[in-house]
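Here's the structure, in structure tokens; my notes come after.
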Amino acid sequence: MSSPCDPQHAPVGDVGAALLVIDSHLKSVHDGKTGADPEQKKLMEQFAASLGPTGADDLVDGACTLIYMFMTWLRKAHEEHDKDVVEYVVPTLVASMRMMPRSVRPEVIPTMAGLVIAAGTGLSPNLWRQQYGDWTEAEMTPLEATAFLLAEHINRITEDPDFATRMISEALSRSVDED
């Protein structure tokens with residue numbers, strides 16, 4: 001029986017834009033910038049303002065697609081070692097979020113953990129979240145942080161600071177080539 005949260009029923013969203021945002025944060029961290037770069041922040045604000053209502057929804061769906069793709073990769077990597085992705089990824093993710101109280105409010109951590117668990121068990125994170133109502137403003141930064149932390153986790157595992165971004169970029173290229 002098919003689940004209403006089956007990824008085949010989920011909107012993909014703007015994965016390219018979501019990846020751009022995450023990659024920008026990854027590069028900022030790896031360039032050793034500890035605070036928000038004012039120029040970077042201004043560019044991101046302009047980008048967000050240019051999206052409009054449907055563009056913002058597409059960006060959220062794109063971030064959820066990234067989470068799903070990252071968790072799919074992590075699940076396969078963990079299964080190769082007979083390990084459960086939820087057992088090994090979720091506690092680290094939650095601990096990281098708890099150390100980010102200015103960006104991730106404690107009350108949204110269970111939702112972000114739920115998104116990751118949904119993706120780790122093969123469900124669409126955005127369809128899983130949709131059953132609880134509309135996204136809230138308080139969930140936007142944590143959603144971005146979740147995708148960022150998963151990408152960073154993959155990069156650490158592979159010992160390649162660009163692996164997660166490259167993996168998604170290559171998947172996007174393949175999907176364009178197939179169309």
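Tally the residues that are part of a loop (DSSP other than H, G, I, E, B) and either touching a helix residue (DSSP H, G or I) at 6+ places or on another chain (Cβ under 9 Å) or at pLDDT 90 or above (or both), restricting the search to region 1-47. Don't jump to the end; show me each part of the working.
First pass over region 1-47, keeping only residues part of a loop (DSSP other than H, G, I, E, B): 1-6, 10-14, 31-37.
Of the ones still in play, those that are also either touching a helix residue (DSSP H, G or I) at 6+ places or on another chain (Cβ under 9 Å) or at pLDDT 90 or above (or both) are 2-6, 10-14, 33, 36-37.
Of the residues in region 1-47, 13 are part of a loop (DSSP other than H, G, I, E, B) and either touching a helix residue (DSSP H, G or I) at 6+ places or on another chain (Cβ under 9 Å) or at pLDDT 90 or above (or both).
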In region 53-77, how many residues are without any contact (Cβ under 8 Å) to a residue 60 or more places away in the chain and over 16 Å from residue 152 (Cα atoms)?
9
Only one of 93, 59 is open to solvent by 20 Å² or more (accessible area, probe 1.4 Å), touching a Leu at 6+ places or on another chain (Cβ under 7 Å) and assigned to a helix (DSSP H, G or I). Can you tell me which?
59
Single condition residue 85 does not satisfy, out of (1) over 26 Å from residue 6 (Cβ atoms); (2) open to solvent by less than 10 Å² (accessible area, probe 1.4 Å); (3) over 15 Å from the mean Cα position of the chain (by Cα); (4) of a type outside the set (Phe, Trp, Tyr)
(1)
Taking the condition of being farther than 12 Å from residue 19 by Cα and part of a helix (DSSP H, G or I), how many residues in region 158-169 meet it?
2
Kindly indicate which of 103, 175, 169, 124 is open to solvent by 30 Å² or more (accessible area, probe 1.4 Å) and touching a Ser or Thr at 6+ places or on another chain (Cβ under 9 Å).
103
Are any residues in region 8-33 open to solvent by 40 Å² or more (accessible area, probe 1.4 Å) and over 14 Å from residue 166 (Cα atoms), and if so, which ones?
8, 9, 11, 12, 14, 25, 29, 30, 31, 32, 33
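Would you check which residues across region 127-157 are among the β-branched types (Val, Ile, Thr), within 20 Å of residue 96 (Cα to Cα) and either assigned to a loop (DSSP other than H, G, I, E, B) or open to solvent by 40 Å² or more (accessible area, probe 1.4 Å) (or both) and list them?
Taking region 127-157 as the starting set, the residues that turn out to be among the β-branched types (Val, Ile, Thr) are 136, 141, 146, 154, 157.
Okay, now just the ones that are also within 20 Å of residue 96 (Cα to Cα), so 141, 146, 154, 157.
Correct list: 141, 157.
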Checking residue 77 against (1) at pLDDT below 95; (2) assigned to a helix (DSSP H, G or I); (3) open to solvent by less than 50 Å² (accessible area, probe 1.4 Å); (4) more than 15 Å from residue 143 (Cβ to Cβ), which test does it fail?
(1)
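The values are calculated or read from the model by the stated rules, or taken from the named source; none is laboratory data. Just so it is clear, the model here is predicted, and its values are computed rather than measured. Every residue, glycine as well, gets a Cβ built from its backbone with ideal geometry; the counts of neighbours run over all protein chains shown. When the accessible area is computed, the model is the full protein with side chains, heavy atoms only, and any ligands, DNA or RNA have been set aside. Shrake-Rupley method; radii C 1.70, N 1.55, O 1.52, S 1.80 Å.
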